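Values quoted throughout were computed directly from the atomic coordinates according to the rules given, and no laboratory measurement underlies them. Because the structure is a prediction, the values reported are computed rather than measured. No Cβ is skipped: glycine too gets one built from the backbone with ideal geometry, and neighbour counts run over all protein chains shown.
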Amino acid sequence: MLESKTALRPEKAKDSDGGKVATAKATEVEIGKGDFSTHPTFQSFRPIPAILGRDGYGVASSRGHPTPATGPQPVTYSNIVTNTHNVGGGNGLAENSLGRNPSPSIPQKPISYLHGEPTIRFTNQEVASMVEQQDLKYAVVGKFSHGMPSIAFLRTAIPKQCSLKAEVNIGLLHNRHVLIRCSIEEDYVTLMSRPNFWIKENSKSFLMRTFKWDIGFTPEEETSMAVIWLSFPNLPPNFYVPSILFSIASAVGRPIAIDAATLNKTRPSCARVKVEADLLQEHPQRYNIQIMNGEEMETMSYKIRYDFLPKYCTTCMLQGHDLQGCWKEHPELQPEKRNHGEDSKGGGGKR
């Protein structure tokens, strides 16, 4: 457990429209971990051609961008690995399988003392290397709040019932949490794209919610990172170029997918992009596009619509409610106790 944490900022922005956009089936094209110079969390990204996955997805390699798949013939996962490029000296998908990360070794560290306690010091680069070596780049935490099956059952049930495609390593992280180490980003996105999964064992079903793993994980807190869909209504369809959509979406978070209707050009009224975003950050409601014509500049303003933006409470450190709906901050919101002395569930209760 980390003893010091970065100060948290409460959620400020909400979806001004409050509505959802009618969409096609949520088939999507996955992209790799891009870096974006326009967003403080990201640097620059390089386009790499996409290829058609075995289920018809256009899957791009790590750190790349997808382009719409043009042929109906699917290819196997081995084709995806074979066609993965090594960009900027990093490891492609072929090198990211579990147990095959050639990250540089970290030498044994000397012991120093802080306030009389032994202390070991690491750099950010060394911590990042540890994440790679321990196959935690695409790690997801599964949380079972109302009972859970045995870990032996979950090791076979989660890959099948959550439709994962590649190798995963599943272990018990806490008495209500499992750590799922995905070997490909596509499986990571699959687990992070739904608010919950129902894991069935015989006649019972167990609710599993998924969260991004990070080095600050503690069982009592939930991460503020979430995967959300963004819609760009009324954006002219000439801007539906994947790299342009990713540039716009990077104002909110890390783009990881484009929906099928956008790529197939069947819904020119609205583009949709899936991003990984921090719920504690301010989420813009509008963005501007400027077009230069010589010395003249034309500026066009458009809305960003959040299909569903989860709430986050900085008091409880939980997803699902905010400060305005928190029972700890506002005890008057808590339902009255029932006759048998138990509180009714709902509102800002702990999940």
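When the Cα gyration tensor is reduced to axis lengths a ≥ b ≥ c, the ratio a/c is 1.5 or higher for the range 248-300, and with a/b not above b/c it is classed as oblate. For the pair residue 207 and residue 269 in one chain, pulling the backbone fully straight at 0.36 nm per residue adds 18.7 nm over the alpha carbon distance.
Between residue 150 and residue 196, what FRET efficiency follows from the Cβ-Cβ distance if R0 is 22 Å, with the result rounded to 0.05? E between residue 150 and residue 196, to the nearest 0.05, is 0.65.
The packing ranking, built from the mean of other Cβ atoms within 10 Å per residue, places the peptides 315-326, 249-260 in the order 249-260, 315-326, highest first.
If the segment from residue 174 to residue 315 were pulled out straight at 0.36 nm per residue, it would be longer than the present Cα-Cα gap by 48.6 nm. Between residue 133 and residue 292, what is the spin-label point distance in nm, taking each point 7 Å from the Cα along the Cα→C-beta axis? Each label point lies 7 Å from its Cα, and together they span 4.7 nm. Counted by Cβ distance under 11 Å from residue 253, the other residues give a net charge of 0, where Lys and Arg count +1 and Asp and Glu count -1. Note down the net charge around residue 230, summing +1 for each Lys or Arg and -1 for each Asp or Glu among other residues with Cβ under 10 Å from its Cβ. For residues surrounding residue 230, the net value is +2. Neighbours of residue 173, meaning other residues whose beta-carbon lies under 15 angstrom from its beta-carbon, give a summed charge of +1 when Lys and Arg score +1 and Asp and Glu score -1. Summarising the label geometry, the points placed 7 Å from Cα in the beta-carbon direction at residue 243 and residue 109 lie 4.0 nm from one another.
With both labels modelled 7 Å from their Cα along Cα-to-Cβ, the residue 329 to residue 125 distance reads 4.1 nm.
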